[in-house]
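Throughout, read-outs are computed from the coordinates displayed, never taken from laboratory work. Small disclaimer: the values here were computed from a predicted structure and weren't measured. Cβ placement follows ideal geometry from the backbone for every residue including glycine, while neighbour counts extend to all protein chains displayed.
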Amino acid sequence: MNEKVFLGLFEKGLYTMQRTETSVTHHVNQRIQHAILGLCNESGELLEALKARIYYDKQFDLVNLFEEAGDMWWYYMLLVDEMANLLQTTPLDIFKHIIDMNRVKLNHRYKDGEYSEEQARVRDKDAEHKAMQKVVWDLTGRKDRFNEEKRKEIKTKVKKKRYRPEDETE
């Protein structure tokens, strides 16, 4: 994750940072943590079902597929809802920007609008990231906040163990 993106997330309360003499620990917002761990857990349950089908010749259970997809959807909605809360917008607005970001990434990757194995393998991830960053900045209106002065201010507060995202004012 590049520094600008990290600082943007940091400012909005996704991360708080606590420095110790030997390490830096990151504490992730509880709802975001719950959503990410839930998504990973449910993905793992789908993988288990697929593994059982491939290696143990067990039937793939369609009811289980629906159940796990529903559970994943619930965790995804939790993530989107908390992103909307943090950015003071609506979940629908977050969905629109996620879809727009994915469209921008794929348009950048597949210049002619057609999938090709070559373009999927050989791609400029930095350029894709920069293109997607513009979508995030459009949503957050925060591009102007990513300046050197702000970065230094946050780093100074972190070093002095004084930084708390809730202290930030718009």
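Could you calculate the FRET efficiency of W137 with D112 from 1/(1 + (r/R0)^6), where r is the beta carbon distance between them and R0 is 45 Å, rounded to 0.05?
FRET efficiency, W137 to D112: 0.95.
So if each residue of separation counts as 0.36 nm, and I subtract the Cα-Cα distance between H129 and A52, what length gain in nm does that give?
Here the segment from H129 to A52 would lengthen by 24.1 nm.
By the scheme Lys and Arg +1, Asp and Glu -1, what is the net charge of all other residues having a beta-carbon under 9 Å from that of A49?
Around A49, the charge tally is -1.
How many nm separate the modelled label positions at D100 and E45, each set 7 Å beyond the Cα in the direction of the Cβ?
3.4
Too long at a 24 Å Cα-Cα cut-off: which of K111/K134; K51/K125; K51/K105?
Where the Cα-Cα span goes over 24 Å, the pairs concerned are K51/K125; K51/K105.
So if each residue of separation counts as 0.36 nm, and I subtract the Cα-Cα distance between N85 and E67, what length gain in nm does that give?
3.8 nm
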